[in-house]
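First comes the structure, then the notes that go with it.
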Amino acid sequence: MPGATMKKPLSCGEELPMSRNRFAILVVVATGLVCLYAAPGPVWAQSSSPAAVQPKNIAPAGAQSKKTSGPEDDFAGLKYTDEQKAEIEKIRQDTKLSQDTVQKDTKLTADQKDAMLVGYKRLEYGRIYGVLTPEQQKQVRENIHSRRAADQSAPHKTPHN
């Protein structure tokens, strides 16, 4: 087209027009929506009203039985450097701010809030995992494997027991 200007492609050092915060929000919203749609069929088949739903009862995918340990325990026993401690504290503060924002959002339903909160927690664990050394990551993977094996061997409780 005459008069049209070609935009120069961005190089590695140039900033993208979308801010990091906006991108992070889009990722979290997408994760929340994926969590909503990945919920098992019986969750969608419930006939109770949203006000009757208890938000704290929604468990992450794969967590059908009541557990005595969770993903946060997978990091137990690790010795962190001062730099790791500072970075992990920053990650936790960022997650807390994001979760508080979701809790205060009046436009979201209880189910949407729960999905977003679970998504934020998963992102937090992933970011913390990224701060770890390869040896620490190996230990966390072993802890996860042990926890999952224990969860599978534990008797599953149903609400009618």
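Read the figures in this text as sums done on the coordinates, not as results from a lab. Everything numeric here is computed off the predicted structure, so don't read it as measured data.
Here the scattering of the stretch 71-156 is modelled by Debye summation over its C-alpha atoms, one equal scatterer each and no solvent; at q = 0.14, 0.19 Å⁻¹ the log10 of I(q)/I(0) is -0.61, -0.92.
The slack between Asp105 and Gln93, meaning 0.36 nm per residue of separation minus the straight C-alpha distance, is 2.5 nm.
Counting only residues at least eight positions apart within a chain, or on another chain, the aspartates and glutamates with an alpha carbon under 16 Å from that of Lys96 are Glu72, Glu87, Asp105, Asp114, Glu124. Between Glu83 and Arg141, the contour length at 0.36 nm per residue exceeds the Cα-Cα span by 18.7 nm.
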